[in-house]
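Below: one structure, written as structure tokens.
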Amino acid sequence: MAAVPDITRGSYLFFLKPVIAACLATIAWYDNVPLVSLILLRGRCRRCGEQISWRYPAVELAVALIAAVSVARLGLTPAALHVFLFLTLLLII
């Protein structure tokens, strides 16, 4: 979903709670399921109704495809993990 880390609460990086950028509402666990939540919420924030940018589901879908192709081509191996991490890092850039 359209989440940004909430660094204002002083949390550690791995324990940041995602928030909606428009209204800063914390995203509940049941609203944070990639792509499924976007479809169920019709692309809008549950709290404020703000439209969620297309970039977030596009990145989620791209990462899922990278993972699927890596495992399909290389199986569940360390090489597949390396390819997945490398391609995901390229996606970030």
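Taking the criterion of being closer than 16 Å to Ile92 by Cβ and aliphatic (A, V, I, L, M), the residues of segment 36-69 that qualify are Ala58, Val59, Leu61, Ala62, Val63, Ala64, Leu65, Ile66, Ala67.
For Val33, are the conditions met, namely being out of contact with any strand residue (DSSP E or B) (no Cβ under 8 Å at 6 or more places or on another chain), closer than 16 Å to Leu91 by Cβ and surrounded by 12 or more Cβ atoms within 10 Å (Cβ to Cβ)? No: the conditions fail for Val33.
For segment 39-70, the tally of residues that are hydrophobic (A, V, I, L, M, F, W, C), touching a residue at least 12 places away in the same chain (Cβ under 8 Å) and in a helix (DSSP H, G or I) stands at 7.
Select from segment 19-38 the residues that are assigned to a helix (DSSP H, G or I) and among the aliphatic types (A, V, I, L, M) and list them in ascending order. Hits for segment 19-38 are Val36, Leu38.
Just so you know, all these numbers are worked out from the coordinates, no wet-lab data involved. Bear in mind that the values here come from a model prediction, so they are computed numbers and not experimental data. Reconstructed Cβ throughout: ideal geometry from the backbone, glycine too, with neighbour counts over all protein chains shown.
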